[in-house]
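The next block holds one structure in the form of structure tokens; read it before the comments.
The values are calculated or read from the model by the stated rules, or taken from the named source; none is laboratory data. Not measured: the values here are computed from a predicted model. Because the Cβ atoms are built from the backbone with ideal geometry, glycine has one as well, and the counts that use them run over all protein chains shown. Ligands, DNA and RNA are stripped out before the accessible areas are found, and what is left, the full protein with its side chains, is counted by its heavy atoms. Shrake-Rupley method; radii C 1.70, N 1.55, O 1.52, S 1.80 Å.
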Amino acid sequence: MNFPYPTVIKNINKHDAVILAISGGVDSMFLLDLYKNKFKGKFIVCHFNHKLREQSEIEEKYLVDYCQKNDIEIHVGYGKDLDSTNMEHNASLQRWAFFESVAKENNIDIIVTAHHLNDKIENFLIQMMRGVPVESIIMSEETTKNDCIRFKPFISIEKEIIKYHSSRIGLTWFEDESNSDNHHDRNFVRNVILPAMNERRNITKTIPSTLESIEKLLNK
């Protein structure tokens, strides 16, 4: 399982300063390690504690300690009034509002997330289920919203590859226990729909091909 280090390192270094959105999961911890060791510019870590899980405080403390130990600037935001009605949507709005506020305070317009190829496929299926406009089914490497560029350097890389290399270099990360709750659309797609589809086809190859065709049509 080869990780395309030369391509990704060149890609991330096209920016001078970025905000890193770090959750504490394997993908974001690998992202943080990559920027810590290979990024030539300035980066600031942002972590958002939704205060919805018992483990949240442990994750926050680990990240704060990690950043202090490595002399990395970190900002922590907190969720509030997140009831069960539209909780996932409201949590996302609060999280992004926090990232954007830190970016603007520091005159940075790039927010980097660790979204990968599996996220892109999941997003496609979720949005298809919801019947949204075709533009919403695409998860591009770069999108602009609220005067900030959302940059996803791992968007073409499978999660298995990221997890394999995270284990190989001995990273610590946290698993979100709520990922097993299939009441949420994303978890239902991830834990039920995708495994069933993979029994018939290698959808990490086929669906990205379809999405590439859709992107070309939209960009005409």
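Observations on the structure shown:
- Residues in the stretch 206-220 that are open to solvent by 60 Å² or more (accessible area, probe 1.4 Å) and of a type in the set (Asp, Glu): 212 alone.
- Selection from the stretch 56-75 of residues that are open to solvent by 40 Å² or more (accessible area, probe 1.4 Å) and among the charged types (D, E, K, R): 57, 61, 65, 69, 71, 73
- Filtered residues of the stretch 80-120 (kept if modelled with pLDDT under 95, within 17 Å of the chain's Cα centre (by Cα), of a type in the set (A, V, I, L, M, F, W, C) and open to solvent by 40 Å² or more (accessible area, probe 1.4 Å)): 93
- Some residue of the stretch 162-172 being within 25 Å of residue 49 (Cβ to Cβ) and touching a strand residue (DSSP E or B) at 6+ places or on another chain (Cβ under 9 Å): no
- Matching residues, the stretch 122-138, being under 16 Å from residue 217 (Cβ atoms) and not in a helix (DSSP H, G or I): 133, 138
- Put simply, of 142, 160 the only residue that is under 27 Å from residue 97 (Cα atoms) and modelled with pLDDT of 95 or more is 142.
- Scope the stretch 121-144; condition free of Cβ contacts under 8 Å to residues at least 12 places away in the same chain and either of a type in the set (D, E, K, R) or open to solvent by 70 Å² or more (accessible area, probe 1.4 Å) (or both); matching residues: 128, 133, 142, 144
- Pairs are defined by a Cβ separation below 9 Å, a sequence spacing of at least 6 or placement on different chains, a first member in the stretch 202-214 that is within 17 Å of residue 136 (Cβ to Cβ), and a second member that is of a type outside the set (Ser, Thr, Tyr) and surrounded by fewer than 17 Cβ atoms within 10 Å (Cβ to Cβ); the pairs so defined are 207/197; 207/201; 214/134.
- Looking across the stretch 1-34, the residues that are over 23 Å from residue 73 (Cβ atoms) and either charged (D, E, K, R) or open to solvent by 30 Å² or more (accessible area, probe 1.4 Å) (or both) come down to 1, 2, 4, 5, 6, 7, 10.
- Only listed residue being touching a helix residue (DSSP H, G or I) at 6+ places or on another chain (Cβ under 9 Å), at positive phi and among the polar types (S, T, N, Q), chosen from 118, 146, 107: 146
- Residues (among the aromatic types (Phe, Trp, Tyr) and in contact with a helix residue (DSSP H, G or I) (Cβ under 6 Å, 6 or more places away or on another chain)) located in the stretch 156-183: 173, 174
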